[in-house]
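Read through the structure below, which is laid out as structure tokens, and then see the notes.
The values are calculated or read from the model by the stated rules, or taken from the named source; none is laboratory data. Since this is a predicted model, take the numbers as computed values, not measurements. Note that each Cβ is placed from the backbone with ideal geometry, even for glycine, and that neighbours are counted across all protein chains shown. Note: areas computed on protein heavy atoms with side chains; ligands, DNA, RNA excluded. Shrake-Rupley method; radii C 1.70, N 1.55, O 1.52, S 1.80 Å.
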Amino acid sequence: MNILGPCSAESREQVIETASRICDLGFQISNFKLIYRAGVWKPRTSPHSFQGAGAEGLAWLQEVKERFGIPVATEVASPEHVRLALEAGIDYLWIGARSSATPIVVQAIADAIGFAISELGISGLKGIIIKNPVNADGDLWLGNIERLEKTGIPVIAVHRGCNHQPCWFMAHQVRLARPDIPMLLDPSHMSGDAAKVPELMKKVAELGLDGAMVEVHNNPSAALSDAAQQIKPEEIVERCTVYGVGCKDTELNWLRAEIDELDEQLWDTIAKRMDVSRRIGAWKKAHDMTPLQPERYREIVERIKSRDESQESRDFMLKIWEIIHEQSLREQE
Ligand code: PEP
Ligand code: MN
């Protein structure tokens, strides 16, 4: 399953031209189940940014559906959005990362979908897409999946990461808990950077994911939202791995993705620690203190020793801290 299209529906021309160029690629990609996306209500950080075309944009998505015969998706963040989108015949609704962080909002959306189906007689909704919350909370993501499943409509999870980084440990948790729910990768919001999209797309096959949601714009540099992360339609085939083949050893690859993520964090944390060390060095110099303060080092060692862990882990950690401390002293010289 591949959800391609611009971040925002900006104008009729932009929506139609982007869709037309995406559809032209269809024949080059086997097993490419395509859904067209465009946000009409945009959750923006600043009230001065483009907020989306609003309900008017739904008509442009209707036109894409009729002209190109592909299902269409848009983001909903309130019961009113749900009603308007379903009345316009939108096939897939997605719930963004900010809404996904707020269970009351997700429940209200689930209730509105249930109401539209049972009380308004609306049919034709093919799926509800739920992004991971902006904060790395796998339990909340799982809870939201359950809230939405009560509607009886198939639910699809999208891993879009947190703070422009993947959160493999969270995605792995959800994949293990709910292997029955398709999971897609959103490399666009995961990185915030068009240059990083092709590399991230490799993860779809490596981890045995079910596809991707990628922001694709007819003219990325002129996009009214998320300009830095959108790619041209043609780049999906020119620069991104196009998958459709499962990969063996996916569980090992998930674990390796988690380890790579932790290694990056370790690296960053150690680099930050050295930076603070250098600032301490400057302070000591200004106050005529020598870099080595045995009292302080003993305090750090005691803190490690007092941790409620096995002797073996404590010995191992002490070895690491010895190396870190030696380097710190060198940095302070
Ligand atoms: C989007 O898909 O355009 C979007 C706003 O995504 P997210 O909720 O993941 O930030
Ligand atoms: Mn976007």
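Of the residues in region 275-293, not one is within 16 Å of ligand 1 (Cβ to nearest atom) and either within 22 Å of H172 (Cβ to Cβ) or in contact with a helix residue (DSSP H, G or I) (Cβ under 6 Å, 6 or more places away or on another chain) (or both).
Pairing residues of region 248-273 that are on the phi > 0 side of the Ramachandran plot with residues that are open to solvent by less than 90 Å² (accessible area, probe 1.4 Å), at Cβ distances under 7 Å and at least 6 apart in sequence or on separate chains, gives no pairs at all.
On the stretch given as region 5-34, residues that are modelled with pLDDT under 95 and not in a helix (DSSP H, G or I) total 6. Out of everything in region 41-73 that is closer than 19 Å to N218 by Cα and basic (K, R), what residue ends up being farthest from ligand 1 (Cβ to nearest atom)? Applying the filter and picking the extreme gives R67.
Is it true that L61 is within 16 Å of ligand 2 (Cβ to nearest atom) and more than 19 Å from the chain's Cα centre (by Cα)? Yes; evaluated as a whole, the condition is true for this residue. Taking A38 as the residue in question, decide whether it is within 12 Å of ligand 1 (Cβ to nearest atom), open to solvent by less than 20 Å² (accessible area, probe 1.4 Å), touching a strand residue (DSSP E or B) at 6+ places or on another chain (Cβ under 9 Å) and more than 14 Å from K131 (Cβ to Cβ). Yes; evaluated as a whole, the condition is true for this residue.
Regarding S46, is this residue of a type in the set (S, T, Y), within 16 Å of ligand 2 (Cβ to nearest atom) and open to solvent by 10 Å² or more (accessible area, probe 1.4 Å)? So S46 fits the description; yes. The residue of region 218-274 that is most open to solvent (accessible area, probe 1.4 Å), among those that are of a type in the set (G, A, S) and under 23 Å from A195 (Cβ atoms), is S221. Step by step: first the residues of region 66-78, then only those that are within 22 Å of N144 (Cα to Cα) and either surrounded by fewer than 17 Cβ atoms within 10 Å (Cβ to Cβ) or hydroxyl-bearing (S, T, Y) (or both), then the one that is farthest from ligand 2 (Cβ to nearest atom). Which residue is that? The extreme case among them is S78.
Taking helices (runs of 4 or more DSSP H) as the structural unit, those lying wholly within region 238-333 and holding at least 2 residues that are closer than 30 Å to M1 by Cβ and among the aliphatic types (A, V, I, L, M) correspond to 250-286.
A Cβ distance below 6 Å, combined with a sequence gap of six or more or placement on separate chains, defines the contacts here; from region 63-74, residues that are at negative phi reach residues that are of a type in the set (D, E, K, R) and in a strand (DSSP E or B) in the pairs A73/R37. Within region 149-164, no residue that is free of Cβ contacts under 8 Å to residues at least 12 places away in the same chain sits with its Cβ atom under 8 Å from a residue that is open to solvent by less than 10 Å² (accessible area, probe 1.4 Å) and within 13 Å of ligand 1 (Cβ to nearest atom) at 6+ positions apart or across chains.
Just one of the listed residues (L224, L184, L200, L148) is over 18 Å from the mean Cα position of the chain (by Cα), within 21 Å of N132 (Cβ to Cβ), at pLDDT 95 or above and within 16 Å of ligand 1 (Cβ to nearest atom), and it is L148.
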